[in-house]
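Written out below as structure tokens is the structure these notes cover.
The values are calculated or read from the model by the stated rules, or taken from the named source; none is laboratory data. Just so we're clear, the structure is a prediction, and the values are computed from it rather than from any experiment. Reconstructed Cβ throughout: ideal geometry from the backbone, glycine too, with neighbour counts over all protein chains shown. Calculation scope for accessible area: heavy atoms of the full protein, side chains included, ligands and nucleic acids excluded. Shrake-Rupley method; radii C 1.70, N 1.55, O 1.52, S 1.80 Å.
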Amino acid sequence: MEQFGDSVVSFDLQHEQAYADSGAAEFCKYFEPNENTVYVAKLPDKVKHGSKRYVTGLYGVNGKVIYCEESTCQIMRRFSRSAIYSYELSKCLGKHLNLTNYPYFCGQQSFVTEDSPRRGTPTGWICSQWYRGAKTVDGVTWVIFKRGQQQVQVRADIKRDSLHYQLGLIRFALERAQDILWRKMSYLGKKVEFQISVQSHLPSLAPIDQPTVPTVQQMREWQISDYGQQITREIAGNEGIPEKKLTHYAKKQLNPEFRRR
């Protein structure tokens, strides 16, 4: 399976058990995405190896595959905790920018999800770092990654248009963030010598599809509001309060007269 040069290493999740039995894969309880990772996949069927069952496959641009016992949700949650940029912030921005499928913005290692992560169920995550294109063959999306002469393609459970849109959001966010940093440094009188790096390996968004860029203050307020709602739901849930009465419950708790009783 590890063929480089002009060859392309292809991975089809429908044939994972055969690949697992080939002796070329690695197996572990958990594993974090690294600089090689291009795809964190929810396997359609559990892969069997010895007495263990594996539900997630991590595919590298180097042609390596690692099967994990943990779900994609658990793996990406841990990755988010170790990264500078929290996935919770991406989730918050997705909600307030009305994005159903929203990428996890994390610099070069930003990820696109195959399905809406709001549903709370495991889904596949496609990394933008080594992305070089996508094609549709017989209704199936194949995503292509390349680093130097090493090329890998994976069969992904996502429509090509959806993939391009989310990758376009990543490109827009990365380039916009660099522009904001450059303007800030210039405003402070700093000598700026770097040029904005254009993410040309990613699709570009049409102007009509480009979201409004929120200010830092807006993002902070959104996060505080979301955390407040989450805490309120947890408290209300523990006290057996119906969700439709949450607003009334929260207002009552925040009422100074009520708290003095």
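What the table shows:
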{"quantity": "Residue list for segment 90-121, restricted to those being at pLDDT below 75 and touching a strand residue (DSSP E or B) at 6+ places or on another chain (Cβ under 7 Å)", "calculated": "101"}
{"quantity": "Enumeration of residues in segment 68-89 that are polar (S, T, N, Q) and modelled with pLDDT of 75 or more", "calculated": "71, 72, 74, 80, 82"}
{"quantity": "Selection count, segment 125-136, where residues are in a loop (DSSP other than H, G, I, E, B) and either among the aromatic types (Phe, Trp, Tyr) or open to solvent by 40 Å² or more (accessible area, probe 1.4 Å) (or both)", "calculated": "1"}
{"quantity": "Considering residues of segment 137-177 that are in contact with a Ser or Thr (Cβ under 8 Å, 6 or more places away or on another chain) and of a type in the set (Gly, Ala, Ser) only, the residue most open to solvent (accessible area, probe 1.4 Å)", "calculated": "173"}
{"quantity": "In segment 137-152, the residues that are among the charged types (D, E, K, R) and in a loop (DSSP other than H, G, I, E, B)", "calculated": "138"}
{"quantity": "Output for segment 76-107, where each listed residue is in contact (Cβ under 8 Å) with a residue 40 or more places away in the chain and under 14 Å from residue 177 (Cβ atoms)", "calculated": "89, 93, 103, 105, 107"}
{"quantity": "Segment 171-223 - residue that is within 30 Å of residue 161 (Cβ to Cβ) and aromatic (Phe, Trp, Tyr) and, of those, modelled with the lowest pLDDT", "calculated": "222"}
{"quantity": "Among the candidates 42, 91, 95, 46, residue that is out of contact with any His (no Cβ under 8 Å at 6 or more places or on another chain) and more than 25 Å from residue 164 (Cβ to Cβ)", "calculated": "46"}
{"quantity": "Segment 115-124: number of residues that are crowded, with 21+ Cβ neighbours inside 10 Å and either small (Gly, Ala, Ser) or within 13 Å of residue 162 (Cα to Cα) (or both)", "calculated": "1"}
